[in-house]
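Working notes, beginning with the structure itself.
FYI, it's all coordinate maths here, none of it is from the lab. Predicted model, so just to flag it, every value in this text is computed and none were measured. Reconstructed Cβ throughout: ideal geometry from the backbone, glycine too, with neighbour counts over all protein chains shown.
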Amino acid sequence: MLLALLACVTVGCGGEEEPGPAGPVEIRVTQGQDGASTALHVGHVLRIELPANPLNGGAWEIEAVDASVLRVPVEEYLPPEPDADDAPGTSIWRFRAIGTGSTTVRLRYVKFGEDVPTTERTFSFAVLVD
């Protein structure tokens, strides 16, 4: 724990550390931490949560990540509460640290409906894995 704290001071903490019930440490990152960074150990998970509304034809896509440092996940989608009028749901990406090094996760939110998707928003987060 002390080593993780020192790593955060050196690199900068960009997320909340949440130990899983019986799994690896999971660092939770949200839209407000766009452009931030953090340090992870091999085996830790970077959980990125971003607002999304696939019913309106939009989705987050991975634009860049070093797959030798972070395992590229399958996106999960958590719909909004039933009584939330026009509220977006949450797109969840869990990147597991599998190798040492540094990488920046870059995601882009695209809307489909034309021949070429148009980018509305982007998100990036730098990671150092030791």
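Observations
- Between amide H atoms placed 1.01 Å from N, distances below 5 Å from H44 occur with A97, all of them 5 or more places distant or on a separate chain.
- Ordering F123, F95 by the number of other Cβ atoms within 10 Å of each residue's own Cβ, fewest first, gives F123, F95.
- Inter-label distance, nm, simple model (7 Å from Cα along the C-beta direction), R106/A67: 1.7
- A36/D83 FRET efficiency (R0 35 Å; Cβ-Cβ; nearest 0.05): 0.65
- Taking the number of Cβ atoms within 10 Å of each Cβ as an exposure proxy, the fewest-first ranking of V25, V105, V127, V72 is V72, V25, V105, V127.
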